[in-house]
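The values are calculated or read from the model by the stated rules, or taken from the named source; none is laboratory data. A quick note: this is a predicted structure, and the numbers were derived from the prediction, not measured. Heads up, the Cβs are rebuilt from the backbone with ideal geometry, glycines too, and the neighbour counts pull from every protein chain shown.
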Amino acid sequence: MGREYFGDIGGKLAFGIQNSDDIENLVTINFQEQFCFHCCECIAENTDKTYCDDCFDSYEEHLETAKDESCLENDDNILIKLDNVIIYKIEKEKHFNELKKNMDEIMDLLPPSVIDEFNKIKSNEEIIDGYSNIFSNVCSEMDKYIEKDFLYFHRYKLGVQIQYILNKQDTCMVCCEVY
Ligand SMILES: [Zn+2]
């Protein structure tokens, strides 16, 4: 359960406190929407397509299956729908310095011992996996500061992951589930 993010980095958005568009608090960027098909749930690369030609031979076949499997209301005939993710393509050239600046500001709002723990792992390639055990010391350190705002902690973690990718490559793509 819960909203995840995936792509060049992965993890879970903090339940109840971190919005799906939290990346916009780290860099100035707009998300892209993604479309997918009813029934097979394949991603629609091209929104001009009326049916999924990977799974079906024709629009009629896709429509019939969608209705048989109750993926569509009876009077509905649009097989393409908005997917439940928003996509960010963060670019080193455009966003790296801004990310650094915003991370420095968040750093001032977090306990220095938590930042120390982040610094110990920031070059570890496992950092791209938000579920990795390498975060356990960071989390247990943060747990000592129950009165602090955990939103900044989760935002900082997201930023550390993005920074790791942008240190290696020119773009960092992140898909964030919206529900
Ligand atoms: Zn399909």
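Could you tell me whether ILE17 is more than 16 Å from the ligand (Cβ to nearest atom) and surrounded by 17 or more Cβ atoms within 10 Å (Cβ to Cβ)? So ILE17 fails the test. How about segment 54-70: which of its residues are assigned to a loop (DSSP other than H, G, I, E, B), of a type outside the set (Asp, Glu) and either within 15 Å of the ligand (Cβ to nearest atom) or under 30 Å from GLU24 (Cβ atoms) (or both)? Listed by number, the residues that qualify are CYS55, PHE56, SER58. Considering (1) within 13 Å of the ligand (Cβ to nearest atom); (2) in the same structural domain as ASN167 (by TED's automatic domain parsing), the lone condition that LEU79 does not fulfil carries the number (2). Filtered by the rule that a residue be under 30 Å from HIS38 (Cβ atoms) and either surrounded by 15 or more Cβ atoms within 10 Å (Cβ to Cβ) or aromatic (Phe, Trp, Tyr) (or both), segment 85-113 gives VAL85, ILE86, TYR88, LYS89. Within the set ASN30, ASN46, the sole residue that is within 22 Å of LYS100 (Cβ to Cβ), out of contact with any helix residue (DSSP H, G or I) (no Cβ under 6 Å at 6 or more places or on another chain) and surrounded by fewer than 18 Cβ atoms within 10 Å (Cβ to Cβ) turns out to be ASN30.
Which condition from (1) within 30 Å of SER132 (Cβ to Cβ); (2) surrounded by 16 or more Cβ atoms within 10 Å (Cβ to Cβ); (3) among the charged types (D, E, K, R) is the one that LYS67 breaks? So the condition that LYS67 fails would be (1). Report yes if some residue within segment 135-155 is part of a helix (DSSP H, G or I) and among the β-branched types (Val, Ile, Thr); otherwise report no. Yes: one or more hits.
Here's the yes/no breakdown for (1) touching a residue at least 60 places away in the same chain (Cβ under 8 Å); (2) in a helix (DSSP H, G or I); (3) polar (S, T, N, Q):
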{"residue": "ILE29", "(1), (2), (3)": "yes, no, no"}
{"residue": "CYS36", "(1), (2), (3)": "no, no, no"}
{"residue": "CYS40", "(1), (2), (3)": "no, no, no"}
{"residue": "CYS52", "(1), (2), (3)": "no, no, no"}
{"residue": "LEU72", "(1), (2), (3)": "no, no, no"}
{"residue": "ASP76", "(1), (2), (3)": "no, no, no"}
{"residue": "LYS81", "(1), (2), (3)": "no, no, no"}
{"residue": "ILE90", "(1), (2), (3)": "yes, no, no"}
{"residue": "LEU99", "(1), (2), (3)": "yes, yes, no"}
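GLY10 meets the conditions (1) away from the ligand (no atom under 13 Å from the Cβ); (2) at pLDDT below 95 in every case but one. The failed one is (2).
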